[in-house]
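Report on one structure; see the data block that follows.
The values are calculated or read from the model by the stated rules, or taken from the named source; none is laboratory data. From a predicted model like this one, the values you see are computed outputs, not experimental measurements. Reconstructed Cβ throughout: ideal geometry from the backbone, glycine too, with neighbour counts over all protein chains shown. The area values use the complete protein model at the heavy-atom level, side chains included, leaving out ligands, DNA and RNA. Shrake-Rupley method; radii C 1.70, N 1.55, O 1.52, S 1.80 Å.
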Amino acid sequence: MKNSKMNFLVKTFLFGLVFMTFLSCERDLSDEATDATFSKTGAIFLDAPVEMGSDFYFPYGGSKPNAWSVDDQVSYKGSASMRFDVPNANDPEGSYAGAIFRTEGAGRNLTDYDALTFYVKASQGVVIGEFGFGEDFIDNKYIATIRNVSIGTNWTKIIIPIPDASKLVKERGMFRYAAGSQGTNGFGYTFWIDELKFEKLGNILNGQASIMNGQNVTQNTFVNVTSTVDNVVVNFNLPTGINQAVFVSPAYMNFSSSDTTVATVNDAGVVTSLSAGTAVITATFNGVQATGSLTINCAGTFVNAPVPTRNQANVISIFSDAYSNVPVNYYNGYWQPWQTTVSNDFSVNGDNILNYTIFNFVGIEFSSPTVNATNMTHFHADFFFPGPIAPGRQLRVIVVDFGPNGVFSGGDDTRHSTTFTAPTLVSNSWVSIDIPFSAMPGLASRQNLAQIIFEGGDGSIMYVDNVYFYN
Amino acid sequence: MKIINKSLFKSVFILSTVLFLGCSEDEKQTVITKTRLVMQEEFDVNGAPNPELWNFDIGTGNNGWGNNEQQFYTDRPENIIVEGGMLKITARRELYLGSSFTSARITSKGKYEKKYGRIEARIKMPLGRGLWPAFWMLGANIDEVSWPQCGEIDIVEYLGSNPISMFGTVHGPGYFGGESISKNYTLKTGRFDNEFHVYGIEWGENYINFYVDDALYHRVTPSDVPGEWVFNQPYFMILNMAVGGNLPGSPNDQTAFPQTMWVDYIRVYE
C-alpha cells in the first residue's frame, strides 16, 4: 500500500516536472501575439500555414506558379508538410520553382528570434539554389538568403541565422525560395518543408561580415552619381559547428563614409557623390568592421552630352533620356571570346550614360523587333573619352542590318563601318557624330536594322549617350 | 522491496531534475559539496606558466600523443602564455619541425598531485573543427604501471566541430579508448566557444561526479566500470589543446587559425 502510494507520488512528481519543463521550453505563441502591435508569432507552417492570411504565396516571374502545395501524406512532425514540385526546365508553365511567402497584414515583430529554421527532404539528393526570408516585393529591405543548400532524402534541419533581429520589427517576408533543375539535367524533383518557423536558438555565433565580396572596389563617379554597396555577406557559425554564409541586404550593415563632403551613404548602402575627391565607404556589422570597401573617386561635376533638340517624331531612339527608346535586347552583348568591354553605366541627375570600361569593342542589339529606318536619313551618337586619345586611335561605328529574314546571319546581313580619328576624336569633351545613310554604302537596306557596334577601343573608358536615327 | 523503490525514486528524481535544469537556469541542483579551497592557480603572473606548478610537454609524443594528433607542442609564448589573468594556449597553423600545427600542453606531474577533492577550471574554448582542447588528469603512478592501469580522468574534452557539447570520461584497465566510460553534456542555449564555462569533478572514495556550471551530468562509481577501480590514488593535472587526430578529425578550410583556449583559473576544494 505504502509502496504503491509512493509510486503514485513519483509519477505525479515526474509528470509535474515534465509538464513544467514543457511550459518553460515552449513558447506560448498566441499569448505573446495579443500583446504586440506586430505579431510576435514565429511559426510560419506547422501542419498548415500559421497566421499567414489567405493570400501569401507570390511566385517569382518565370517560375511555375503552382509549384507549392500542402501535402497531408508527408510530414516531419504532425500531419502535413509543404510540398514543392520543381518542374522540368522545359515545363511551359515555368522553368523553375520559386516564391515568397508574405504574411498578410502589418507584419511580424521578429526581434525575439535569431534564426529561421525548418526541416527539409527531397525526392532525390539535390542542391537547392536559395532559401531565405525578408523579401516582401514591396521594399525588400531586409533580405537574408543562404545559397546552394544540399538536401538529402532524409529530413534535415536547416538553420538560417537572422543577421540582426533588431531590424525586423514589422517584417512581412516570412520565407523565400528558388529551386531549379540545373543540377538534375533539367529534370524536376520534389522537396518537402515542415516546421517552418522563426526560433531563438541562442547558440549561433556571429562571424565576419563583408561588403563588395570582401574586395576593395574603386568606382569613378561624378557629382550626383549614385553607387551601390552590394555583395554583402555575413558569416555565422551554426550550433552544428559549420560556418554558414548568409547573403544579406545592405540595410543590415551600418555604413560610413571617410569624407562626407565627397560622398554620403544611406542606410540602404546607396552612395551619392557630392564633390570632387576620394571617399572610402566602409561598413560595420554588430560593431565589428566588415571586410571590403567601396572607394569613390569623384571627378567633379559631370558635363552632360548636348541635349538633343530634334522632335520625337523625327527620331528612332536606341538610347537617350530625351526620347522614348525602342526595345533593346542589350547595350553590351559581352561577345566572347575576344570582348573585354565591361559596362559600368551610371546616371547623373536622371541622365543615364553608357559607360564602357576596358573598351575594345561592344555591340548593342535591338532585334526584337528589328528597326525599320527607311524614313530616317542619319545615325547619331555622342561619345566622351575621359582619358587621352592615343596617336592613331580609331573609333569605328558599325551599323548592321539583319536583312529580309530579320535574324542574325542567314547570308542576308549587311553592315557599314565608319571610322573616326583625331582631330574629330578629342579627350574630355563630348564628340557628336552624325553619319548619313547615304555615306553607308555597305548597308544594302535599313529596313531591318538590329545592331550598332563600336570598335577601336584601346582598353580605356568611353561614355556614350543619345544613340538614335533621325531625319 | 522498499530499498529498490527508494533507489528508483532517487534515480527518477535525478533524471527529472536534470531535465528541469536544462530548461530553467535559475533552479539549482546540488552539484557540489566540497567548498574549502585548498589550491588555486589564478594565472595572475604574466609570462610563462608558473614553473613550480607546471611542466611543458614538448614535441609530438609517440604517434601524435597516441591519437595521431597533428600538432607540435612547444613552450614558446606564441603557443602558451599567461596574460591579463588568463592562461592562453594558442594553436597555430604553421610548419614547425615537420608538423603542420603548433600548440601547447602543460602538466603538474611531480609538482601537484591530488587524491580526491573538487577540481575545476573556468575555460573558454576555441572555435573550429579539428581543435581538441582538454583539462584532464592522469594517475601519478603512470611511470610505474603505465597507461591505462594508472587511470585517466578527463574533466572536460571538447571538439571544435560541436560547439554546444562537451564530454567527461574515465579510462582505466579494461575500459579505455573507445570502451571508456564517457558522457556528453549539451547546452540548451549558448555555446562553449564564445563564453567561459566552469568544468569540474567532485571526486571521493569510489565516486567521481562530473559537472559543467550548475549541472551535474555524469557520475561514475566502481559498479559503472568493467574493470579495476583505479581512482583511489593521487592524480596530476593536464591542460592542452590538440589539433587533429583520431577523435576530432583534421581541421578543414573553415577552421580559422590561430585559435586560443582561455583558462581563467584552476581551483581545488576539499
Note to self: I'd like the residue in the stretch B:50-80 that is out of contact with any Ser or Thr (no Cβ under 8 Å at 6 or more places or on another chain) and of a type in the set (S, T, N, Q) and, out of all such residues, is farthest from B:K111 (Cα to Cα).
What the structure shows: B:N68
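To keep it simple, each residue is scored yes or no on (1) surrounded by fewer than 18 Cβ atoms within 10 Å (Cβ to Cβ); (2) touching a helix residue (DSSP H, G or I) at 6+ places or on another chain (Cβ under 9 Å).
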{"residue": "A:L110", "(1), (2)": "no, yes"}
{"residue": "A:I151", "(1), (2)": "no, no"}
{"residue": "A:N154", "(1), (2)": "yes, no"}
{"residue": "A:I162", "(1), (2)": "no, no"}
{"residue": "A:N185", "(1), (2)": "yes, no"}
{"residue": "A:Y189", "(1), (2)": "no, no"}
{"residue": "A:A209", "(1), (2)": "no, yes"}
{"residue": "A:M212", "(1), (2)": "no, no"}
{"residue": "A:Q215", "(1), (2)": "yes, no"}
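Would you confirm, using the coordinates I've provided, whether A:T218 is assigned by TED's automatic domain parsing to the domain that holds A:V149 and β-branched (V, I, T)?
Spelling it out, it is not the case that A:T218 is assigned by TED's automatic domain parsing to the domain that holds A:V149 and β-branched (V, I, T).
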Checklist line | Residue check for B:P222: open to solvent by 10 Å² or more (accessible area, probe 1.4 Å), of a type outside the set (A, V, I, L, M, F, W, C), without any contact (Cβ under 8 Å) to a residue 24 or more places away in the chain and in the same structural domain as B:N162 (by TED's automatic domain parsing) | finding: yes
Checklist line | Scan of the stretch B:181-212 for residues that are over 30 Å from B:D253 (Cβ atoms) and either open to solvent by 30 Å² or more (accessible area, probe 1.4 Å) or not assigned by TED's automatic domain parsing to the domain that holds B:G130 (or both), ordered by number | finding: B:I181, B:K183, B:K188, B:E205, B:N206, B:Y207
Check: When both residues are 6+ apart or on different chains and their Cβ atoms are under 6 Å apart, which pairs have a first residue that lies in the stretch B:177-198 and is farther than 19 Å from B:E120 by Cα, and a second that is open to solvent by 30 Å² or more (accessible area, probe 1.4 Å)?
Finding: B:I181/B:D224
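I need a count of the residues in the stretch B:106-142 that are of a type outside the set (A, V, I, L, M, F, W, C) and open to solvent by less than 30 Å² (accessible area, probe 1.4 Å).
Residues meeting the conditions: 11.
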Check: Within the stretch B:167-183, can one find any residue that is among the hydroxyl-bearing types (S, T, Y) and either out of contact with any strand residue (DSSP E or B) (no Cβ under 7 Å at 6 or more places or on another chain) or within 14 Å of chain A (Cβ to nearest Cβ) (or both)?
Finding: no
Note to self: If I go through the stretch B:30-47 residue by residue, how many of them are open to solvent by 70 Å² or more (accessible area, probe 1.4 Å), within 17 Å of B:G85 (Cβ to Cβ) and hydrophobic (A, V, I, L, M, F, W, C)?
What the structure shows: 1
Notebook entry, point to check: In the set A:G457, A:G406, which member is at pLDDT below 95, under 21 Å from A:G333 (Cα atoms) and in contact with a Phe, Trp or Tyr (Cβ under 6 Å, 6 or more places away or on another chain)?
Noted result: A:G457
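Among the residues of the stretch B:112-124, are any under 19 Å from B:G61 (Cβ atoms) and either in a strand (DSSP E or B) or within 16 Å of the chain's Cα centre (by Cα) (or both)?
No, every residue in the stretch B:112-124 fails to be under 19 Å from B:G61 (Cβ atoms) and either in a strand (DSSP E or B) or within 16 Å of the chain's Cα centre (by Cα) (or both).
Conditions (1) basic (K, R); (2) in a strand (DSSP E or B); (3) modelled with pLDDT of 95 or more, marked per residue:
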position	(1), (2), (3)
B:I153	no, yes, yes
B:V156	no, yes, yes
B:L159	no, no, yes
B:G178	no, no, no
Check: Residue check: is B:T90 free of Cβ contacts under 8 Å to residues at least 60 places away in the same chain and in a strand (DSSP E or B)?
Finding: no
Margin query: So, in the stretch A:236-284, exactly how many residues are in a loop (DSSP other than H, G, I, E, B), buried (at least 21 other Cβ atoms within 10 Å of the Cβ) and either in contact with a Pro (Cβ under 8 Å, 6 or more places away or on another chain) or free of Cβ contacts under 8 Å to residues at least 12 places away in the same chain (or both)?
Written below: 3
Notebook entry, point to check: Restricting attention to the stretch B:193-200, does a residue exist that is in contact with a helix residue (DSSP H, G or I) (Cβ under 9 Å, 6 or more places away or on another chain), over 28 Å from A:Q244 (Cα atoms) and modelled with pLDDT of 95 or more?
Noted result: no
Note to self: When you scan the stretch B:231-246, do you find a residue that is over 17 Å from B:W132 (Cα atoms), open to solvent by less than 10 Å² (accessible area, probe 1.4 Å) and either over 15 Å from the mean Cα position of the chain (by Cα) or not assigned by TED's automatic domain parsing to the domain that holds B:T74 (or both), even just one?
What the structure shows: yes
Item checked: Which numbered condition B:L138 misses (of (1) within 19 Å of B:E69 (Cβ to Cβ); (2) within 14 Å of chain A (Cβ to nearest Cβ); (3) among the aliphatic types (A, V, I, L, M)) -> (2)
